[in-house]
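Data first, discussion second: the structure below is written as structure tokens.
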Amino acid sequence: MAEARDPLDSTARFSSRVDDYVRYRPDYPSALLGWLQREQGVDNRWRVADIGAGTGISSKMFLDAGYRVTAVEPNGPMRAAAEQWLRGYEKFDAVDGHADATGLPDASVGLVTVAQAFHWFDEEATRREFARILRSGGLAAIWWNSRRLTGTRFLEGYEALLQQFGTDYTSVAERYADDARMRAWFGNGFRGNASFEHAQRLDFDALRGRLMSSSYVPQAGHPQHEPMLRALRELFDNCAERGTVSFDYDTRIFAGELA
């Protein structure tokens, strides 16, 4: 299972990147929610606990489909951004909590979701907490957008840029579990998994914002910040078609019960 991580680091490292995160991080393909509803029997009568909800990208997907959603997010600035963005939804609320200590009542939700954040969690403690808050017959669903590293000149150049300029890129990025590890985490309750293609079309300003939303990228004032942005501009100019590049992902989801 996953090694222990410094909870302060994983909680706080996005605090200075909230604006870029809100504006430029990708959403998730509609086919993902369709799969949960069609293949796993989830419907909008199920209450959702969105764990590590960040700025509310995953919560919004469920709110738009009529679900009641509680976002659980320990980072204050990110949680505040979610509350501001989603304030118009009557079925939304947000709480200060962690994956292994959500603060939610026993057996209170039908669906526990984790989008993009699972690799920060203590897997054993998280599993116990999810099992506690899920009602009988409830499910956990875990997914993430995995950026494609190869396949186009842009994708390969972007990966090379991160390898060159990222501050702790190799120790943090793309640390998502493989299929076998996720199946093992669910154990006998594993119900299924799927993968969906997803992409963002980004102009240069959006690409810059997407880059700066990553916690391992040097920010303004760091000696590598300006050289990195010059390299990004060169990459974009060499690869853009009709003023944009395609930022491509595979969105992988795993679902099951937790005894």
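Between Pro227, Gly187, Thr70, whose Cα lies farthest towards the positive end of the dipole of the chain when Lys and Arg beta carbons carry +1 and Asp and Glu beta carbons carry -1, centred on the Cα centre?
Thr70
Please give the FRET efficiency for Ala184 paired with Arg242, using the beta carbon to beta carbon distance and R0 = 41 Å, rounded to the nearest 0.05. Walk me through the intermediate numbers first.
Details: r = 45 Å, r/R0 = 1.09.
It comes out at approximately 0.40.
Scan around Ser146 for amide H atoms under 5 Å from its own, H built in the peptide plane at 1.01 Å from N, and keep only partners 5 or more places away or cross-chain.
Under 5 Å from the amide H of Ser146: Asp250, Thr251, Arg252.
Cβ neighbours within 10 Å, averaged per peptide: list 201-207, 46-52, 94-100 in order, most packed at the top.
On the way: 201-207: 16.6, 46-52: 25.4, 94-100: 18.7.
Result, highest mean first: 46-52, 94-100, 201-207.
What's the FRET efficiency of Phe204 with Thr170 using the Cβ-Cβ distance as r and R₀ = 22 Å, to the nearest 0.05?
Working: r = 26 Å, r/R0 = 1.18.
Calculated value: 0.25.
Using θ = phi - 60° and the Karplus form 6.51 cos²θ - 1.76 cosθ + 1.60, what ³J(HN,Hα) does each residue of the range 88-102 get, whole Hz, x for Gly and Pro?
x, 8, 5, 8, 10, 8, 10, 10, 7, x, 10, 4, 9, 7, 6
What residues have an amide H closer than 5 Å to that of Tyr89, excluding those fewer than 5 places away on the same chain, when H is modeled at 1.01 Å from N in the peptide plane?
none
R0 = 22 Å: FRET efficiency of Arg132 with Asp43, Cβ-based, nearest 0.05? Kindly include the intermediate steps, with their values, before the conclusion.
Values: r = 23 Å, r/R0 = 1.05.
About 0.45, to the nearest 0.05.
As a test, work out the antiparallel percent of DSSP beta bridges whose residues both lie in the chain, rounded to the nearest 5.
Working: 22 of 41 bridges.
Bridges in the chain that DSSP calls antiparallel: roughly 55 percent.
What residues have an amide H closer than 5 Å to that of Ala94, excluding those fewer than 5 places away on the same chain, when H is modeled at 1.01 Å from N in the peptide plane?
It is Ala71, by chain and number.
Which entry in (1) 60; (2) 19; (3) 26 matches percent of Cα pairs over 33 Å apart derived from the coordinates of this structure?
(2)
With 10 angstrom as the radius, rank Thr126, Thr251 by how many other C-beta atoms surround their C-beta, starting from the fewest.
Working: Thr126 26, Thr251 21.
By the 10 Å Cβ count, ascending, the order reads Thr251, Thr126.
If you average 1/r over all unlike Cα pairs in the range 76-116 and invert the result, what Kirkwood radius do you get in angstrom?
Working: mean 1/r = 0.0841 Å⁻¹.
The answer is 11.9 Å.
Mean residue ellipticity at 222 nm from the helices of the chain, using -39,500 (n - 2.57) per DSSP H segment of n ≥ 4 over the full residue count, to the nearest 500 deg cm²/dmol? Kindly include the intermediate steps, with their values, before the conclusion.
Values: 11 runs with 102 residues, N = 259.
So the helix-based figure for the chain works out to -11000 deg cm²/dmol.
Treating the Cα atoms of the range 157-243 as identical point scatterers in vacuum, please give the log10 of the normalised Debye intensity I(q)/I(0) at q = 0.20 Å⁻¹, two decimals.
Debye intensities relative to I(0), on a log10 scale: -0.97.
Can you run phi through the Karplus equation (6.51, -1.76, 1.60; θ = phi - 60°) for the range 109-121 and list ³J(HN,Hα) in whole Hz, with x for Gly and Pro?
10, x, 9, 9, 10, 9, 10, 6, 9, 4, 5, 8, 8
Using the 10 angstrom Cβ neighbour count as an exposure proxy, how do Arg45, Arg233, Arg148 rank, fewest first?
On the way: Arg45 9, Arg233 13, Arg148 19.
Arranged by neighbour count, lowest to highest, Arg45, Arg233, Arg148 become Arg45, Arg233, Arg148.
Using a 7 Å offset from the Cα along the Cα-to-Cβ direction at both Gln219 and Glu90, what is the distance between the two label points in nm, to one decimal?
3.9 nm
For the chain, what relative contact order do you get, as a whole percent, if you take Cα pairs closer than 8 Å and at least 6 residues apart?
Working: 450 pairs, mean separation 59.2, N = 259.
Over the chain, the number comes to 23 percent.
Along the range 241-246, what does the Karplus equation 6.51 cos²θ - 1.76 cosθ + 1.60 (θ = phi - 60°) give for ³J(HN,Hα), rounded to whole Hz, x for Gly and Pro?
10, 6, x, 9, 10, 9
Based on the Cα atoms of the range 10-131, what semi-axes does the equivalent ellipsoid have, where each is the square root of 5 times one gyration tensor eigenvalue, given in whole Å with the largest first? Can you show the working numbers first?
Details: eigenvalues 83, 65, 38 Å².
Taking √(5λ) for each eigenvalue gives 20, 18, 14 Å, largest first.
Grab the other residues whose beta carbon is less than 15 angstrom from that of Lys91, score K and R as +1, D and E as -1, and report the net.
Values: positive: Arg45, Arg47, Lys60, Arg68, Arg87; negative: Asp43, Asp50, Asp64, Glu83, Glu90, Asp93.
With Lys, Arg at +1 and Asp, Glu at -1, the net is -1.
Quick one: putting +1 on the C-beta of Lys and Arg, -1 on the C-beta of Asp and Glu, what dipole do you get for the chain around its Cα centre, in Debye to the nearest 20? Please list the in-between numbers first.
Numbers: 31 positive and 37 negative charges, 98 e Å.
It works out to roughly 460 debye.
Taking the chain as a Gaussian network, Cα atoms linked when under 10 Å apart, which of Gly88, Gly34, Gly56 shows the biggest mean-square fluctuation?
Gly88
For the range 42-71 and the range 216-259, write down the distance between their C-alpha centroids in whole Å.
Spelled out, the Cα-based centre of one part sits 26 Å from the other.
Read-outs: derived from the displayed coordinates by stated rules, not from any lab. Since the model is a prediction, treat every value here as computed from it, not as a measurement. Positions of Cβ are generated from backbone atoms using ideal geometry, with glycine treated the same way; all protein chains shown enter the neighbour counts.
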